[in-house]
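Reading through the structure tokens given below for one structure.
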Amino acid sequence: MKSKYEVLVVGGGPAGALAARTAAEKGLSVCLVEKRPAIGAPVRCAEGIGKEALAEFIAPDPCWISAEMTGAGIIAPDGFEMTLESSLAGGKVGYILDRKVFDRELVWQAADAGAEVYVKTRASAPIMHEGRLKGAQLEYCGNSAKVMADVVIAADGVESKFGKWCGIDTTVPVREIMSSVQYVMTDIDINPHATIFYLGNEVAPEGYLWVFPKGKRAANVGIGISGRKSGKGHRAKDYLDRFVKQKFPHGKTIECIVGGVSVCRPLECTVADHLMLVGDAARVVDPLTGGGIYNAMYTGRLAAEVAADCIAKGDLSKKALMVYDQEWRASKMGKSIERNYHIKEYLIKQPDEKLNAIIHSVSKLDLKEFSTLTLIKELLKVNPKLLVELGALAASIR
Amino acid sequence: MKPAPNIFSRMLNVHRDVCGYCGCCVSVCPEGALELIDAYLSVEENCTSCGICAKVCPLGALEVVHEK
């Protein structure tokens, strides 16, 4: 490990890996640190991603694809199932990844591109000099090191601390953290090519329960509920156990993972002098779906591109790095987050009866494209009243 | 004004055998008093025992205990 790099990336998930890979490809000296001993574990993810979204970053490889999805199902609170098949979209929907292998591949690519990678290495504090971020204090296997950098890219995930240490408030409101548990289950009867979402205040208050296939008879069976609905006796695990007991009584659980998924708005500002926040640390998870892999890779890559420009110009001030913040907000991803935030806020306030009515009406539609946006647009057509209820959001959708 | 740490003789207990070291609690801590160090959750001195983390924990690994 050297004492100075142009870019220091904190965190080896998809955001950090893409930041490191991109920065290294641009010829910068890069150090990526991951506090865990292994990249990609524990998973803390339902592992779903759209095919086209993934292709923007990496060519699909069977080594890290668990299953291909051609459809989806939404189960209303009353048990009614609405199915979405992708025949109209050329069969292209998405994949369920094997994140342990996928994350490792991304970091591997970063390493191949020239980034230095250090696992079991944790950034424990920023190094500040005259109010300016100069690098980070690192801890690894009982050793300490000071590593200087022109810019630090904080990709430290949902439990992000680096931004907070540098004065950026990253606290997630209690009602906007999805308290989540997931079992990897085998020997269960499922449709191996469809992701299933269960909605309802009894099943998953202000969240949803998912069954994402990982094979013919295997799936990620998980749940996320709002932090404000969580408490003793009614935690995410309690809800999931109840569902599994009823739905998959003979299934076998071969892995249990827990996590928190932020469904708040992104941070007000994702840069500071010599600092950029990306991925879950920037709170750029899709607030409606809880999906974060694409957004992490997108912000990670963009941050590195902007960092490279700024390094070339010799200006890493907050003002210079703001290009990153402005660009992701104006992007398709940024707009999608804003729109989906409103939809999420609307949906979580609906009683089960209303959710039933919405799902029943959508199921009668002939969807021409397979996306959340299409779904919402069609929904608005059959429920014009929604336009009023959704307020300002409506304009951005039409 | 922030309450002084631990003024009410409360403290946060981490049941390490229950904790799934996921970091959900860290993200909601208003004081920045929690940190996930690999498979170990650390509670700093500035913890006010507000209990927000205990509420959101997916497994129920955190508990605010009242000392007598």
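For B:ASP38 and A:LYS232, a Förster radius of 25 Å and the Cβ-Cβ distance give a FRET efficiency of 0.40, rounded to the nearest 0.05. Rg and Dmax, both from the Cα atoms of the protein assembly as shown and both in Å, are 21.8, 66.
Residues B:CYS57, A:CYS256, A:CYS166, A:CYS31, arranged from fewest to most other Cβ atoms within 10 angstrom of their Cβ, appear as A:CYS256, A:CYS166, A:CYS31, B:CYS57.
Only DSSP H runs of four or more residues enter the estimate; each adds -39500 (n - 2.57), and after division by the residues of chain B the mean residue ellipticity at 222 nm equals -3000 deg cm²/dmol. For the range A:1-57, the set of trypsin sites (Lys or Arg not before Pro) satisfying both a DSSP loop assignment and a count of at most 13 other C-beta atoms within 10 Å is given as A:LYS2. Peptide B:32-38 is shielded by partner chain Cβ atoms: per residue, an average of 5 of them sit within 10 Å of its Cβ. In this calculation the C-beta distance from A:GLU327 to A:ARG132 is compared with R0 = 25 Å, giving a FRET efficiency of 0.60. Taking amide H as placed 1.01 Å from N in the peptide plane, A:ILE65 has its amide H under 5 Å from the amide H of A:ASP98, each at least 5 places away in sequence or on another chain. Remark: the A:HIS250-A:SER144 segment gains 33.3 nm on full extension, using 0.36 nm per residue and subtracting the alpha carbon distance. Helical content alone sets the calculated 222 nm signal of chain A at -10000 deg cm²/dmol, taking -39,500 (n - 2.57) per DSSP H segment of four or more residues and averaging over every residue.
What nm value, rounded to one decimal, do you get for the distance between B:ASN46 and A:ASP61 when each label is placed 7 Å out toward the C-beta? Computed distance between label sites B:ASN46 and A:ASP61 equals 4.2 nm.
Relative to its residue count, the range B:10-66 spans a Cα convex hull of 67 Å³ per residue. The mean number of Cβ atoms from other chains found within 10 Å of a Cβ in peptide A:220-230 is 2, as a whole number. The long axis of helix A:99-112 is offset from the longest Cα principal axis of chain A by roughly 30 degrees. For the residues of A:250-258, the average number of beta carbons from a partner chain within 10 Å of their own beta carbon is 2.
Since every read-out is calculated from the coordinates, none of them should be taken as a lab result. Note that the coordinates shown come from a computational prediction; the quantities given were computed from them, not determined experimentally. Cβ sites come from the backbone with ideal geometry, for glycine too, and all protein chains shown count toward neighbours.
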